[in-house]
Amino acid sequence: GIADGKFTVDPQTGSVATLAPLDRETKSNYIVTVYVRDGSFPAQYDTTTIIVEVLDVNDHSPQFGESCYPLYVPENSDLSVIHTVVATDADSGANGDVTYSITGGNVGNKFSIDLHTGQLSSRPLDREARDRYFLIITAQDRGSPSPRQVIFPLVSTT
């Protein structure tokens, strides 16, 4: 039962080992108190505290939340921010640092996205020339596994 049952201490050598996988997103550190005593009478004893910091591995991919839905953009509008997409990653540091890009469907380069904020901008659209765009927005962290994608339909209206 040491530190939520995640650790064991060998009574002969004092080696501390894990009994179960550790997940930084569940708990980022543990405090393990180790007691030692000799075989004399009266027994001599001492304690020490070990602080275990759980390091992050890139075991989560960015996830898009509720910010992805069809947009209706007025035609002939000036260059402007029309929406902000948001993806989150449960990992920390570089493994959780999310960047955004448009990886498909950007016919005529009418759209751009801010790499860090996810702000989606549009140049003036012409409904008669094209009335619908299907953008593929990719959110990616700086680790591995591969990024998540979402098809993001945009509709130009009058």
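Worth pointing out:
- To put it simply, the accessible area of segment 4-99 at a 1.4 Å probe is 53 percent carbon and sulfur.
- Selection of GluC sites (Glu not before Pro), segment 1-96, meeting DSSP coil and at most 11 other Cβ within 10 Å: Glu66
- In loop segments of segment 1-110 as defined by DSSP, the trypsin sites (Lys or Arg not before Pro) with at most 13 further C-beta atoms inside 10 Å of their C-beta are Lys27.
- Efficiency of FRET from Cβ geometry, Thr103 and Tyr72, R₀ 25 Å, rounded to 0.05: 0.65
- Under the simplified labelling scheme, the Glu128-Ser28 pair shows an inter-label distance of 5.7 nm, with each label point 7 Å from Cα along Cα→Cβ.
- Residue-normalised accessible area of segment 11-158, given per residue in Å² at a 1.4 Å probe: 63
The values are calculated or read from the model by the stated rules, or taken from the named source; none is laboratory data. None of these values were measured; they are calculated from a predicted model. FYI the Cβ positions are ideal-geometry reconstructions off the backbone, even for glycines, and counts take in every protein chain you see. Remember, those area values only see protein heavy atoms, side chains included, never the ligands or the DNA or RNA. Shrake-Rupley method; radii C 1.70, N 1.55, O 1.52, S 1.80 Å.
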